[in-house]
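Here is the structure we will look at, set down as structure tokens.
The numbers here are math on the coordinates, done by the rules we state, and not lab data. Quick caveat, the model's predicted, so the values are computed rather than measured. Neighbour counts run over all protein chains shown; Cβ positions are idealised from the backbone, glycine included.
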Amino acid sequence: MTEQTCPSPQKVTLRHDWAREEAEALLALPFPELIFQAQLAHRQFFDPTKVQISTLLSIKSGGCPEDCSYCPQSAHHDKRMAAEKLMPLERVIADARRSKEAGAGRFCMGAAWRAPKDRDLDAVCRMVEEVKALGLETCLTIGMLTPSQSARLKEAGLDYYNHNLDTSEDFYGKIITTRTYQERLNTLANVRDAGIKVCCGGIIGMGEDTQDRAGLLTTLANLPTHPESVPINLLVRVEGTPLADEEAVDPITFARVIATARIMMPASHVRLAAGRENMSESTHALCFLAGANSIFWGEKLLTTPNPAQNRDTELLAMLGMSPMMQKTATA
């Protein structure tokens, strides 16, 4: 019998010219083939045993004027969170310090604003400066930003800005009506032009179909620069929100989205974000195999539950994985 050799895997290249049909074709691949391609892409750019760790703190919750159908912070829903004031600096820094001691490399702060006022940025910039001084990477998600606001945050030392597209442009109007898709894209451009790294992804399980998932990933992958961080959220169905009774997405379907994101944006951190509280150890492992290499840990993500840190530590140990070493952040 003649010995056969496997062909060398093709080198993965960064592309910004994806067609939606290509993303749909990836999502429809036989599952073993999809995971294999995702693994090839992942291993070219990352150590597959390492996971980037972030924590997320809500520095101002409730009372948001946006009508996002998934969010309990919206003032439009029947059951809504009471609006809170911006968290004092001392509490933010204490939480950031605990996060660093627990092993997080990036500290993310979120505020329920449609768009911050310029006076709001005074306090937020101070938070960024103080968190940065602890040696942590800094990340914010505080709504739409103007070019001048983005520049101020960059000057304060902000590393990442999160502003999710949530879903495809076609499906977007069924989820949000108070902010346009283009406004989201404009904020991403303002942040990117200011020299801040972009964190941008979406939510799976809001009633969208495969074409919408492909549309979201195509838009992300065709940005001038791939988002350095791509959070893929699994809808947390919160009572009192319009999507509270939405049908759950099965783990294989969710893993397909993770794997397709990894193939289309191979050098990006693909993050398991909201929804992990309801994921089994097997689902987590499947997503890591599909190319996820970033998670939030801590008890809560803004307003929704998140797995306890000890659960994540035990899971990573079980899988022979470990937190990604964090370079010391400097201003």
Problem set entry | Surrounding net charge for Ala261, when Lys and Arg each add one and Asp and Glu each subtract one, Cβ distance under 12 Å | +4
For this session: Just add up the charged neighbours of Phe31: K/R +1, D/E -1, any other residue whose Cβ is under 13 Å from the Cβ of Phe31.
Result: -1
Exercise. Which length gain, in nm to one decimal place, applies between Gln182 and Leu14 when the Cα-Cα distance is subtracted from 0.36 nm times their residue separation?
Worked result: 58.1 nm
Exercise. Using helices alone, what [θ] at 222 nm do you get for the chain, with -39,500 (n - 2.57) per DSSP H run of 4 or more residues, divided over all residues and rounded to the nearest 500?
Worked result: -11500 deg cm²/dmol
Problem set entry | Theoretical gain in end-to-end length, Ser282 to Glu84 [0.36 nm per residue, Cα-Cα removed] | 67.5 nm
Exercise. With Cβ to Cβ distances under 9 Å as the rule, what net charge do the other residues near Val191 carry (K, R +1; D, E -1)?
Worked result: +2
Exercise. Top mean-square fluctuation among His42, His226, His16, Gaussian network model of the chain, C-alpha springs under 10 Å?
Worked result: His16
Exercise. Taking only C-alpha pairs under 8 Å that are 6+ residues apart, what is the relative contact order of the chain in percent?
Worked result: 24
Exercise. How fast does the chain diffuse by Stokes-Einstein, in µm²/s, taking the Kirkwood radius from C-alpha pairs at 25 °C and 0.890 mPa s?
Worked result: 122
Exercise. In whole percent, what relative contact order does region 100-204 give with Cα contacts below 8 Å and a gap of six or more residues?
Worked result: 28
For this session: Go ahead and run the numbers for FRET between Asp118 and Arg98, Cβ-Cβ distance against an R0 of 35 Å, rounding to 0.05.
Result: 0.70
